[in-house]
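Submitted below is the structure of interest, expressed as structure tokens.
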Amino acid sequence: MIDLSVNINGLTLSNPIMPASGTFDKELADVVDFNQLGAIVTKTFTADKRAGNPVPRACELPNAMLNAIGIPSKGVENYIEQTVPYYQQYRSPLIASISANTSTDFGKLAAELDNVAGIAAIEANISCPNIEAHGKAFAMEAESTSTVVNALRRATKLPLWVKLTPNTSDIISVAKAAQDCGADAVVVGNTILAMSIDIHTRRPKLGNIMGGLSGPAIKPIMIRMVYQCYKNISIPIIGCGGISTVDDVIEYFLAGSTAVQVGTASFIEPSTMPNLISGLAQYCQQHNIRQLRDLTGAIIDEKFESMTALPY
Ligand SMILES: Cc1cc2nc3c(=O)[nH]c(=O)nc-3n(C[C@H](O)[C@H](O)[C@H](O)COP(=O)(O)O)c2cc1C
């Protein structure tokens, strides 16, 4: 048996493969043994109930998917009373993805989850709009990231993962701000703001007009961001974006990831995650890799030292 376990700042996962928030639900239990997963990350929820965006909410593009689901939520009570007990039947640690409109509300929501048995960590989806900053996502800037992560850190003793957005011109400062304010790990990252138009109807393909791009097309962008973060922070990085094969997972590790999340690929092939776990074990055996952490940041990048200025 190959040991695929990884350590996310004190939280040990049996392997580094877990679903990306919003791309996984109970229905997948028919095809995926949830006990196999390194962790279970649930769909982002908010404190109160809310509806999602107008339809159509998703469309397919070459090598990518565009969505604007809009975080429909049944609220925190439903999460504590229904979702947490359901996932407690599985061994895999449950990661609660949360969202709010203000840093105060983020803190309040995290505090409500603090003593709930069965939640292993909070993933703060700070890629969502901050109404105190005219709807700019918290994670677009270091300052708003500091404010929200401070509020979260004060509110909870649970391990805190902070999910960043690629829709920033300064991922390094944002990641540093998350680390400095007490995040246990960063997830890099969410979808890329994008848009597509149906040329026959001349209408946007999404009811929300703009949405988030995911899938294989975004992988090189996210690899670049994981690499930039790895060179500048020391907390674990959970890579996410366009992963569908074992090679993708290895690439994310070499760039600096300690674990990875899989989203869009599960819509195309629901057994992607179990396939990645067995494929990763095979890869480690064939390449004589004793522990996955040896691969984290193991890119050979002699030129790095001579790069006086990174492009971002
Ligand atoms: C249909 C859909 C719904 C999503 N919902 C959420 C969500 O609720 N919270 C969140 O943090 N990310 C959400 N995401 C983003 C994914 O978690 C992930 O960051 C992104 O899709 C990139 O990974 P991928 O290329 O493997 O899909 C969603 C993505 C998709 C495609």
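The values are calculated or read from the model by the stated rules, or taken from the named source; none is laboratory data. Since the structure is predicted, the reported quantities are computational estimates derived from the model, not experimental observations. With ideal geometry, Cβ positions are generated from the backbone for all residues, glycine too; neighbour counts draw on all protein chains shown. Accessible surface areas use protein heavy atoms only, side chains included; no ligands, DNA or RNA. Shrake-Rupley method; radii C 1.70, N 1.55, O 1.52, S 1.80 Å.
Suppose we filter Ser92, Ser97, Ser144 for residues that are crowded, with 19+ Cβ neighbours inside 10 Å, of a type in the set (S, T, N, Q), assigned to a strand (DSSP E or B) and modelled with pLDDT of 95 or more; which single one remains?
Within the list Ser92, Ser97, Ser144, the selection yields Ser97.
Could you count how many residues in the range 167-187 are open to solvent by less than 40 Å² (accessible area, probe 1.4 Å), out of contact with any Ser or Thr (no Cβ under 6 Å at 6 or more places or on another chain) and not small (Gly, Ala, Ser)?
Result for the range 167-187: 6.
Since Pro16 meets every condition but one in (1) touching a residue at least 60 places away in the same chain (Cβ under 8 Å); (2) within 16 Å of the ligand (Cβ to nearest atom); (3) over 16 Å from Ala120 (Cβ atoms), which condition does it not meet?
The number of the failed condition is (3).
Right, next: Looking at the structure I just gave you, is Ala185 touching a residue at least 40 places away in the same chain (Cβ under 8 Å), touching a Phe, Trp or Tyr at 6+ places or on another chain (Cβ under 6 Å) and within 26 Å of Ile238 (Cα to Cα)?
Answer is yes for this residue.
Could I ask something else about it? Could you tell me which of the residues Val31, Val6 is more than 16 Å from the ligand (Cβ to nearest atom), of a type outside the set (D, E, K, R), under 23 Å from Ala265 (Cα atoms) and open to solvent by 80 Å² or more (accessible area, probe 1.4 Å)?
Answer to the selection: Val31.
Here is a follow-up. For the range 232-251, state whether one or more residues are in a helix (DSSP H, G or I) and among the hydroxyl-bearing types (Ser, Thr, Tyr).
no
Give the residue that is nearest to Ser103 (Cα to Cα), with candidates limited to residues of the range 1-27 that are modelled with pLDDT of 95 or more and among the hydrophobic types (A, V, I, L, M, F, W, C).
So, considering only residues that are modelled with pLDDT of 95 or more and among the hydrophobic types (A, V, I, L, M, F, W, C), the one nearest to Ser103 (Cα to Cα) is Ala20.
Tell me, yes or no, whether the range 287-298 has at least one residue that is hydrophobic (A, V, I, L, M, F, W, C), surrounded by fewer than 16 Cβ atoms within 10 Å (Cβ to Cβ) and over 26 Å from Asp33 (Cβ atoms).
Yes, the range 287-298 contains a residue that is hydrophobic (A, V, I, L, M, F, W, C), surrounded by fewer than 16 Cβ atoms within 10 Å (Cβ to Cβ) and over 26 Å from Asp33 (Cβ atoms).
Examine the range 202-212 for a residue that is of a type in the set (Lys, Arg), at pLDDT 95 or above, part of a strand (DSSP E or B) and more than 19 Å from the chain's Cα centre (by Cα), and state whether such a residue exists.
yes
Can you go through Leu164, Leu152, Leu193 and tell me which one is within 19 Å of Ile235 (Cα to Cα) and either within 14 Å of the ligand (Cβ to nearest atom) or open to solvent by 40 Å² or more (accessible area, probe 1.4 Å) (or both)?
After ruling out the rest, the residue left standing is Leu164.
Does Val162 satisfy the criteria of being farther than 15 Å from Asn101 by Cα, touching a Cys at 6+ places or on another chain (Cβ under 8 Å), at pLDDT 95 or above and assigned to a strand (DSSP E or B)?
No; evaluated as a whole, the condition is false for this residue.
Which of the residues that make up the range 221-235 are open to solvent by 20 Å² or more (accessible area, probe 1.4 Å) and not β-branched (Val, Ile, Thr)?
Arg224, Tyr227, Tyr230, Lys231, Asn232, Ser234
I'd like to check something: does the range 46-55 contain any residue that is assigned to a strand (DSSP E or B) and buried (at least 16 other Cβ atoms within 10 Å of the Cβ)?
Looking through the range 46-55, none of the residues is assigned to a strand (DSSP E or B) and buried (at least 16 other Cβ atoms within 10 Å of the Cβ).
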